[in-house]
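Participant: Handing you this structure, nothing more for now.
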Amino acid sequence: KYQCALFDLDGVLVDTAKYHYLAWKELADQLGFDFTLQHNERLKGVSRMASLDILLEIGQMQDRFTEAEKEKLASEKNDRYVAYIHKMDASELLDGALELLHELRQRGIQIALGSASKNAPLILDRTGISSYFDAIVDGNSVSKAKPDPEVFKLGADKLNVPYRACAVFEDSQAGLEAAKAAEMLAIGIGEAGNLTQADIVYRNLKEIEVDKYF
Ligand code: G6P
Ligand code: MG
């Protein structure tokens, strides 16, 4: 049985991809090219600056900006994104998220966040789930992006739990790979066909068999 649950945030607990999409699309519009929902799939789980690089590549503008200009573009995008997430509330938690957090808490399981987002604390606050987390590791505290296992290892270290005693909930391939690299159980949330790195895949958090793992 596992002593600790590590959660990715975007796409597992909340659906923020739509807001990332709107904010990136506004930037693409401003730069004069099309950015589709399909393009947006490539940005899931990817850090802010790496996402900008992919966006500029889609617009065939990758060589047009200096590092300082890119920082400015990313920060403009983030301002727009933050304006969207400021309006979020608990109704935007994904199916089963609140129930699972509650159930784990009841069982005395330690809970940590392992997210690439620098906005993670704001999102946890707006959706009212901050108090469920015994440790938070986010884009402000990691230097190596998933699939590097740093984000999950740091979470387990903060809780003083061995890596092998941790189960990770993730919706991205890179995140599942990170969990495996840390020798943790990798639970995929989404479509089994897309999540080949997972030890097991569930469509959403509502379907998790809590007794089986905790
Ligand atoms: C998560 C999301 C990505 C996002 C990244 C950084 O991994 O899935 O789409 O780019 O966090 O988010 P941030 O809020 O720091 O820009
Ligand atoms: Mg995710």
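Participant: How high is the relative contact order of segment 75-156, in percent, counting Cα pairs under 8 Å that sit 6 or more residues apart? Mind dumping the intermediate values first?
Facilitator: On the way: 85 pairs, mean separation 25.7, N = 82.
That works out to 31 percent.
Participant: Right, next: List PHE152, PHE65, PHE7 from most exposed to least, where exposure is judged by having the fewest other Cβ atoms within 10 Å. Don't skip to the end; give the middle numbers.
Facilitator: Numbers: PHE152 30, PHE65 15, PHE7 26.
Going from least to most buried by this count: PHE65, PHE7, PHE152.
Participant: Follow-up. Check cross-link reach from LYS87 to the lysines: straight Cα distance under 23 Å, and skip same-chain residues fewer than eight apart.
Facilitator: LYS18, LYS25, LYS44, LYS77, LYS118
Participant: Which ordering of MET49, MET184 is given by a fewest-first count of other beta-carbon atoms within 10 Å? Don't skip to the end; give the middle numbers.
Facilitator: On the way: MET49 13, MET184 28.
In order of increasing Cβ crowding within 10 Å: MET49, MET184.
Participant: Helix-derived [θ] at 222 nm for the chain: sum -39500 (n - 2.57) over DSSP H runs of at least 4, divide by residue count, nearest 500?
Facilitator: Numbers: 9 runs with 90 residues, N = 214.
After summing the helix terms and dividing by the residues of the chain, the value is -12500 deg cm²/dmol.
Participant: Moving on to the next point. Cα-based Rg of segment 43-120 per 2.2 N^0.38 Å, rounded to two decimals? Let's see the in-between values first.
Facilitator: Values: Rg = 17.3 Å, N = 78, 2.2 N^0.38 = 11.5 Å.
Normalised Rg, Cα atoms only: 1.50.
Participant: Within straight cross-link reach of LYS1, meaning Cα distance under 23 Å, which lysines are found once same-chain residues fewer than 8 apart are removed?
Facilitator: LYS153, LYS158, LYS180, LYS206, LYS212
Participant: When you have a sec, figure out the Kirkwood radius of segment 55-214 from all distinct Cα pair distances and drop it here in Å to one decimal? Walk me through the numbers on the way to the answer.
Facilitator: Working: mean 1/r = 0.0582 Å⁻¹.
The answer is 17.2 Å.
Every number in this text was worked out from the coordinates using simple rules, so none of it is lab data. None of these values were measured; they are calculated from a predicted model. Virtual Cβ from ideal backbone geometry, glycine too; neighbours counted across all protein chains shown.
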